Amino acid sequence: MKKWQIGKLGLVLLAGILMAGCEKTKEEAKAPKYTIGVVTKSKSSEYWMSVCSGMEDAAEKENAEVVILSPDSETDQKTQKKMIKDLLKMPIDALAVSTVNSYDNADYIELAKNRGIEVYAYDTPVSDVVLPYVGIDDEKVGYELGQAMAKKLNGTGKVAVIAGSTTQACHEKRILGFKRCMEEYPDIQIEVVKTGYSNLLVSEKDMKELLEEYPDLDGIMTTSAVTALGVAEATKESGILVVTVDAQEDSIEGVKDGKFLAVGAQSGYDIGYETIEYMIESLEKNEIPGEKILDTKILTIDNIDEYSPKKKTQNIKKSQSES
């Protein structure tokens, strides 16, 4: 009996040692391979929440850590730059920025270079410095939205553009693509281009003034879904066609219920996910990459039920198979 008790005690001690060893191994396994700093434009919309969700999922899959900072407003360049510089003081391996001003980034990029930190642009290209970029081809999406509208209008009509700030290259390029498309339709006139609505609903007052000044509009193109929601609300009884960018839940529902003619399927989740994966791949290969342009699709009532963000779908399937 005594011998058994000693044996049992020995087993308990051994189990304790093994468990301690396992715990240490688990802790070592949990230590992230890389720490990636991220600065978004904002945190106040479904799109940006989806971007962050995609980044966090990719980081978890790749055993990396992401530190995400977000200004309250897409136009708050001062706060965004402070956040960038704060992250550059931390022990990060790389930095991803969706800039609020595509033409004013050289200062923090030089700072990052001096500290050996590679900077990546995502969602919005940087125009004043050459950087690796992960996102959609914004000009192509603008062009394809123009095609969807022009076909529905049978090549004739009057349209307007309501866009985000043109200091952000994503909005600028979407406008450019839309205009390029309309050059192919001489009987469609772009009556007005209004800018400055980055991640902002168009107010009832602004829409009332626009429709009073341009009462014969047949269509409106907006460069973000948040802006489009305000436009759609103001034009719901008018028959004006609305096209926009960003495949988020409310814009997808907008296509289904007829608020929007078409949506350029920029998935925030996919952009976030692909950005982190691309950065980690580049870090592991120790090479500076170029652009990674993500596929986009123009969603209409004819194909909306077939759409779901690629990575999100994969993760859902994986979770279901594990449960």
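Taken together, the values in this text are just the output of simple stated rules run on the coordinates, not laboratory data. Quick caveat: nothing in here was measured; it's all calculated off a predicted structure. Note that each Cβ is placed from the backbone with ideal geometry, even for glycine, and that neighbours are counted across all protein chains shown.
Sequence-ordered 3J(HN,Hα) estimates for the stretch 104-110 from the Karplus curve with 6.51, -1.76 and 1.60 and θ = phi - 60° stand at 8, 9, 4, 5, 6, 5, 5 Hz, glycine and proline given as x.
Relative to the Cα centre, the charge distribution of the stretch 138-264, modelled as +1 at Lys and Arg Cβ and -1 at Asp and Glu Cβ, gives a dipole magnitude of about 260 debye. How many angstrom separate the Cα center of the stretch 193-236 from the Cα center of the stretch 258-297? A separation of 28 Å, based on Cα centres. To the nearest 10 degrees, how steep is helix 204-213 against the longest Cα principal axis of the chain, on a 0 to 90 scale? So the helix axis and the longest Cα principal axis differ by about 30 degrees.
Would you mind working out the magnitude of the charge dipole of the chain relative to its Cα centre, with +1 at each Lys and Arg C-beta and -1 at each Asp and Glu C-beta, to the nearest 20 Debye?
1640
With a ≥ b ≥ c the root eigenvalues of the C-alpha gyration tensor of the stretch 38-144, is it rounded (a/c under 1.5), prolate (a/b larger than b/c) or oblate?
rounded
When the P(r) of the stretch 138-264 is calculated, the portion above 17 Å amounts to 50% of the C-alpha pairs. Highest mean packing first, where packing is the average number of other Cβ atoms within 10 Å per residue, the peptides 160-169, 104-113 line up as 160-169, 104-113. Each of 251, 190, 150 was placed along the dipole of the stretch 138-264 (beta-carbon charges, centred on the mean Cα), and the one lying farthest toward the positive end is 150. The angle between the Cα long axis of helix 46-61 and the longest principal axis of the Cα atoms of the chain comes to about 30 degrees, rounded to the nearest 10.
Pairwise over distinct Cα atoms, reciprocal of the mean inverse distance: report the Kirkwood radius of the chain in Å, one decimal place.
21.6
Centre-to-centre separation between the Cα atoms of the stretch 92-109 and those of the stretch 117-175: 19 Å. Have a look at the DSSP beta bridges in the chain and tell me what percent are antiparallel, nearest 5. Approximately 5 percent, going by the DSSP bridge assignments. Over all pairs of different C-alpha atoms in the stretch 40-99, the reciprocal of the mean inverse distance, the Kirkwood hydrodynamic radius, equals 12.2 Å.
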